[in-house]
Ligand code: LLP
């Protein structure tokens with residue numbers, strides 16, 4: 001029996017009926033499976049352990065994908081570290097009990113305050129993405145009387161990733177340091193106070209299903225590491241990033257065993273500690289967004305649809321809760337919570353939210369069993385870049401998050417209140 005399954009015609013996540021969560025917590029609501037999180041972590045860790053000793057690699061969960069502290073702790077308890085990209089995520093990692101020596105800090109725009117907080121906590125490594133960042137980090141560390149272990153994130157000029165907006169490793173992308181220029185920047189870094197060169201880092205994109213772009217990037221990284229060592233630099237760590245693709249509709253997921261074999265063949269011989277930064281592959285299929293139908297507009301069974309008209313299912317979730325469909329044209333399969341009886345007619349629906357934009361559309365012309373008011377439905381595979389990308393747009397309060405384990409569940413983020421939003425705002429003196 002899978003984590004998601006129908007029992008008594010009701011969709012369950014582990015042993016909890018989604019209708020129970022909807023009744024007790026309300027909708028919309030993000031629901032995660034504790035087991036799926038663990039299974040995802042172990043699948044990757046097992047594939048890597050099949051190729052190299054466990055102490056040779058660290059899986060640093062890219063918590064931007066799903067940064068609720070309970071999700072981070074669940075993965076941390078299995079052995080994961082954290083890849084963070086802001087001072088806010090550092091606080092999350094601390095709150096989740098991720099040890100400092102398992103935290104890697106990536107990102108192109110770290111502020112001085114963020115650097116200082118990371119240095120104070122003594123994190124494992126900062127991945128530096130530009131010369132000005134290197135200068136500021138050196139200055140900050142020196143002023144604090146600390147030495148920071150760094151890797152330069154290099155841009156290997158490889159095209160990878162499931163969507164234009166999430167490809168990061170091409171020359172024209174804002175990320176990393178041009179691999180051609182990296183050697184001279186390492187020489188420069190070596191002379192800076194407060195900086196200790198520890199390794200090299202890369203991350204080429206997200207939702208990558210093939211080994212091929214990794215193979216290209218690994219070859220370039222291996223050449224770079226050899227060159228850096230020949231210049232006398234200590235390269236004892238290599239961060240190979242994340243980006244492992246998963247299945248939303250019919251995409252082939254990343255084959256973890258063959259990926260691990262590639263790492264063994266091309267990266268392990270460098271004799272470095274290997275860091276991986278997966279996000280989506282750990283949480284994507286571990287979460288869903290549960291929503292309720294508010295209205296059916298142009299109900300097909302009433303025969304009211306004229307030529308060229310569409311049948312809209314207006315649900316209580318919207319683009320502010322899950323932005324991926326409108327932002328990336330992403331597909332999240334929608335499952336009815338009550339299993340359709342055999343023979344239920346199917347209709348082509350547009351699934352839309354209440355936000356006042358045509359872009360607030362999750363699916364267009366999707367063939368689904370007939371839906372009616374108050375039905376529940378779940379957008380599957382919404383655990384990654386779902387709740388974390390939500391906003392208050394249209395003054396819609398952030399929805400709760402729930403973590404399911406066996407036959408129990410816990411609210412891991414409470415539903416926000418419009419009062420919470422208003423409490424953050426105030427009138428200027430001259431309007432009082
Ligand atoms: N490491 C770095 C430096 C990254 O920038 C990212 C993702 C990751 C690791 C994790 O990548 P993953 O394993 O999750 O593919 N919002 C987009 C995805 C943006 C990814 C940004 N960087 C989406 O919803 O598809």
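Every number in this text was worked out from the coordinates using simple rules, so none of it is lab data. Everything numeric here is computed off the predicted structure, so don't read it as measured data. Here the Cβ positions follow ideal geometry from the backbone for every residue, glycine too, while neighbour counts run over all protein chains shown.
A helix-only calculation puts the chain at -8000 deg cm²/dmol for mean residue ellipticity at 222 nm, using -39500 (n - 2.57) for each DSSP H run of at least four residues, averaged over all residues. Tell me whether region 34-283 comes out rounded, prolate or oblate; compute the Cα gyration tensor, take square roots of the eigenvalues as a ≥ b ≥ c, and use a/c under 1.5 as the rounded threshold. The shape class here is oblate. Extension gain, residue 251 to residue 212: 0.36 nm times the residue separation minus the Cα-Cα distance gives 12.4 nm. Cα gyration tensor of region 82-156, axes a ≥ b ≥ c as square roots of the eigenvalues: rounded (a/c below 1.5), prolate (a/b > b/c) or oblate? Note, shape of region 82-156 comes out oblate. Helix 212-230: angle to the longest alpha-carbon principal axis of the chain, degrees 0 to 90, nearest 10? Approximately 20 degrees, to the nearest 10. With the simple spin-label model, which puts each label point 7 Å out from Cα in the Cβ direction, the residue 100 to residue 295 separation comes to 5.7 nm. Ranking of 352, 399 by neighbouring Cβ atoms within 10 Å, starting from the fewest: 352, 399. Bridge orientation summary for the chain: considering DSSP beta bridges with both residues in this region, about 50 percent are antiparallel.
Between residue 19 and residue 309, what FRET efficiency follows from the Cβ-Cβ distance if R0 is 22 Å, with the result rounded to 0.05? Before the final figure, lay out each step's value.
On the way: r = 31 Å, r/R0 = 1.43.
Given R0 = 22 Å and the Cβ-Cβ separation, E is 0.10.
Approximating the spin labels as points 7 Å out from Cα along Cα→Cβ, the residue 416-to-residue 6 distance works out to 3.6 nm. Rounded to the nearest 0.05, the FRET efficiency derived from the C-beta distance between residue 393 and residue 174 at R0 = 22 Å is 0.30.
Annotation: the antiparallel percentage among DSSP beta bridges lying fully within region 34-283 is about 5.
Each residue, residue 78 and residue 223, gets one label point 7 Å from its Cα in the Cβ direction; the gap between the two is 3.6 nm.
How far, in nm, would the chain grow between residue 181 and residue 366 when pulled straight, counting 0.36 nm per residue and subtracting the alpha carbon separation? Provide the component values of the computation, followed by the final result.
On the way: separation 185, 0.36 × 185 = 66.60 nm, distance 4.85 nm.
Full extension from residue 181 to residue 366 adds 61.7 nm.
Report the FRET efficiency, 1/(1 + (r/R0)^6), for residue 261 and residue 432, where r is their Cβ-Cβ distance and R0 is 60 Å, rounded to 0.05. Spell out each step's value before the answer.
Details: r = 67 Å, r/R0 = 1.11.
Result of the calculation: an efficiency of 0.35.
For region 328-414, the gyration tensor built on C-alpha atoms gives an oblate shape. Its axis ratio a/c (a ≥ b ≥ c) is at least 1.5, and a/b is not larger than b/c. The convex hull defined by the C-alpha atoms of the chain has an orientation-averaged projected area of 24.6 nm². Residue order for 63, 272, fewest other beta carbons within 10 angstrom first, comes to 272, 63. Taking the number of Cβ atoms within 10 Å of each Cβ as an exposure proxy, the fewest-first ranking of 390, 111 is 111, 390. Taking the Cα centroid of region 49-87 and of region 385-432, what is the distance between the two, rounded to the nearest whole Å? Centre-to-centre (Cα) distance: 25 Å.
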